[in-house]
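Novice: Next up is a structure, given as structure tokens.
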Amino acid sequence: MTIKHFSALALSAFIFAAFALAQPMAASAPQPGLTASANAQSTPATSAQQPSAASAQPQQQPQDKSKRPSPPGTADCTINGKKVTIDYSRPSLKGRKLGTDLAPYGKVWRTGANEATTLTTATALDIGGAKVPAGTYTLYTLPSEGTWKLIINKQTGQWGTEYHQEQDLARVDMKKQEIVVPVEQFTIALDQDSNDSADLNMEWEKTRVFVTIRAQ
């Protein structure tokens with residue numbers, strides 16, 4: 001082989017090598033037997049990296065009922081060693097008139113404000129002659145210019161404006177008195193006069209209504 005032929009061959013080999021290096025590398029084929037789901041597992045899920053909407057939102061704080069316009073009140077006593085409790089809310093007159101603007105005569109009244117007023121007794125009671133088994137009840141009233149009625153209702157847990165007469169356990173008369181010093185904020189009290197009885201008193205404006213409760 002002459003030097004001339006050798007030079008030609010070397011030049012051809014150099015050109016071929018340069019051309020091969022200039023071509024893009026083909027994408028590698030997927031490995032046999034690797035499914036799409038397996039490929040997906042290799043990528044971390046974005047949902048795990050993002051906090052949920054529920055966790056991102058601050059939890060709502062419970063309402064401070066003492067700051068309501070009609071704050072909560074409680075009356076309680078012990079009858080024959082058993083607890084009797086009334087939970088209610090205490091609206092204020094604020095210049096309004098009882099019997100017209102508030103607790104209108106002839107209409108069932110929630111006996112307070114907000115949630116329904118509840119009576120909880122751990123013993124069976126006689127309330128104004130009505131037999132009331134141990135348990136929890138809602139108290140409504142029917143105001144009037146004369147005798148008020150106390151309504152003992154078996155439905156519980158509702159808002160105070162919800163009333164279903166078919167759930168009434170009993171209706172009893174309440175005695176009525178006029179008081180000299182007006183009471184601005186509605187008040188319920190259980191005034192005990194013996195170990196087995198107490199007077200359930202309600203006072204507002206210049207009106208007091210009451211009924212005796214005693215152990216059966």
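Laboratory data are not the source of any read-out in this text; all were calculated from the coordinates shown. Just so it is clear, the structure is predicted and the values come from calculations on it, not from any experiment.
Novice: So how many Å³ per residue does the convex hull of the Cα atoms of region 67-215 work out to?
Specialist: Output value, Cα hull per residue: 104 Å³.
Novice: What are the semi-axes of the equivalent ellipsoid for region 120-190, taken as the square roots of 5 times the Cα gyration tensor eigenvalues, largest first, in whole Å?
Specialist: The three semi-axes for region 120-190 are 23, 15, 13 Å.
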